[in-house]
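Peer 1: Have a look at this one.
Please treat every number below as a calculation from the coordinates, not as lab data. In this text, all values refer to a predicted model and were calculated from it rather than measured experimentally. Cβ: placed from backbone, ideal geometry, glycine included. Neighbour counts: every protein chain shown.
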Amino acid sequence: MRIHYFQHVPFEDLAAMKLFFERRKFEVTSTKFYLNEVLPSLDSFDWLIVMGGSMGVYDEEESQWLKTEKEFIKLAVDKGKTVLGICLGAQLLAGALGARVYKNKEKEIGWFPVKFTEEIKSTKLKNVFPQEAEVFHWHGDIFEIPNGAVRIAYSEACENQGFAYGEKVVGLQFHLETTQNSVLALLENCKDDLDYSKFVQSKEEILSVPGRFEKINNLMFKLLEELEKQTVGF
């Protein structure tokens, strides 16, 4: 399997997903937009993973590659690629599919539960997620659910936490790939986001239970296993 991922800032990479791909001996390549790297050929990968970042989907003046990136994501979906968007990546995916992305009423940073919808039972993800899970968040924007997609998750702070579009395209507002090292990098580079509003935890709260990372990583691995099945046609 050939995996390609889009990275928007130096401190948000594949994190725990690297281990999954290493175990599978998948080929992994990347485009790092902050280094002005060029986009790949659509024929050069099977999966496209779109990672997070500190910019917004609408920040096209400051990050001029965003428009081109959204167009490329749409082409990848249309070509039948497996596409996974995480946080900013999910927002870009939603935008590429024609949905609106905008500032949410609340920031959500730290460990908060998400609930999974009844609609998820109509998708291939029905056996991946429990009814509810405590997951890691770091976002201030929200997406509308694209036409033709299924809303799969929500939280108290954010009514749209994820969607499935067909069998091979998934957007998640929350982070399942986060490790202790990757959250430390976020805390170092985005500490100004910690405004201690209703759904924003302190650094101490975020790091208080190390065992949380393994739990969310296991959920990510289950999701990747399901996407692998869909890619190879099981």
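Peer 1: Calculate for the chain the 222 nm mean residue ellipticity that helices alone would give, adding -39,500 (n - 2.57) per DSSP H run of length 4 or more and normalising by residue count, nearest 500 deg cm²/dmol.
Peer 2: Computed ellipticity for the chain at 222 nm equals -8500 deg cm²/dmol.
Peer 1: Sticking with this structure for a sec: Rounded to two decimal places and with Rh computed the Kirkwood way over Cα pairs, what is Rg over Rh for the stretch 96-233?
Peer 2: Over the Cα atoms of the stretch 96-233, Rg/Rh equals 0.96.
Peer 1: Relative contact order, percent, of the stretch 2-232 when contacts are C-alpha pairs under 8 Å separated by at least 6 residues?
Peer 2: Reported relative contact order: 20 percent.
Peer 1: Now a separate question. What is the magnitude of the charge dipole of the chain about its Cα centre, with +1 placed on the Cβ of each Lys and Arg, -1 on the Cβ of each Asp and Glu, and no other charges, expressed in debye to the nearest 20?
Peer 2: Computed charge dipole of the chain: roughly 720 debye.
Peer 1: Does the stretch 1-83 come out rounded, prolate or oblate by the C-alpha gyration tensor, with a ≥ b ≥ c the root eigenvalues, rounded set by a/c under 1.5 and, if not, prolate when a/b is larger than b/c and oblate if not?
Peer 2: The shape class here is oblate.
Peer 1: Given +1 on the Cβ of Lys and Arg, -1 on the Cβ of Asp and Glu, and no further charges, what dipole in debye does the stretch 25-131 carry about its Cα centre, rounded to the nearest 20?
Peer 2: Numbers: 15 positive and 15 negative charges, 97 e Å.
For this selection, approximately 460 debye.
Peer 1: With 10 Å bins from zero, work out the P(r) of the stretch 2-232 over every alpha carbon pair and list the percent per bin.
Peer 2: Result, from short to long distances: 8, 36, 40, 15, 1 percent.
Peer 1: Cut-off is 10 Å between beta-carbons; in what order do TYR5, TYR196, TYR154 appear when sorted fewest neighbours first?
Peer 2: Listed from fewest to most nearby Cβ atoms, that is TYR196, TYR154, TYR5.
Peer 1: Pulled fully out, how much extra length does the chain show between LYS126 and GLU225, if you take 0.36 nm times their separation in residues and subtract their Cα-Cα distance?
Peer 2: Numbers: separation 99, 0.36 × 99 = 35.64 nm, distance 1.30 nm.
Fully extending the segment from LYS126 to GLU225 adds 34.3 nm.
Peer 1: For ASP141, what residues show an amide H to amide H distance below 5 Å, using hydrogens built from the backbone and excluding near sequence neighbours?
Peer 2: Those qualifying (amide H under 5 Å, at least 5 residues apart or on another chain) are ASN104.
Peer 1: Apply the Karplus curve 6.51 cos²θ - 1.76 cosθ + 1.60, θ = phi - 60°, to the phi angles in the stretch 160-170 and return the couplings in whole Hz, x for Gly and Pro.
Peer 2: 10, 9, x, 8, 10, 10, x, 9, 10, 10, 9
Peer 1: Take the alpha carbon atoms of the stretch 168-234, find their center, do the same for the stretch 9-82, and report the distance between the two centers in whole angstrom.
Peer 2: Using only Cα atoms, the two centres lie 17 Å from each other.
Peer 1: Putting +1 on Lys and Arg Cβ atoms and -1 on Asp and Glu Cβ atoms, find which of VAL77, ILE142, LEU66 reaches farthest to the positive end of the dipole of the stretch 2-232.
Peer 2: So the residue furthest toward the plus end is VAL77.
Peer 1: Which of MET51, GLY95, LEU19 sits farthest toward the positive end of the charge dipole of the stretch 2-232, with +1 on the Cβ of Lys and Arg and -1 on the Cβ of Asp and Glu?
Peer 2: Highest projection toward the positive end goes to LEU19.
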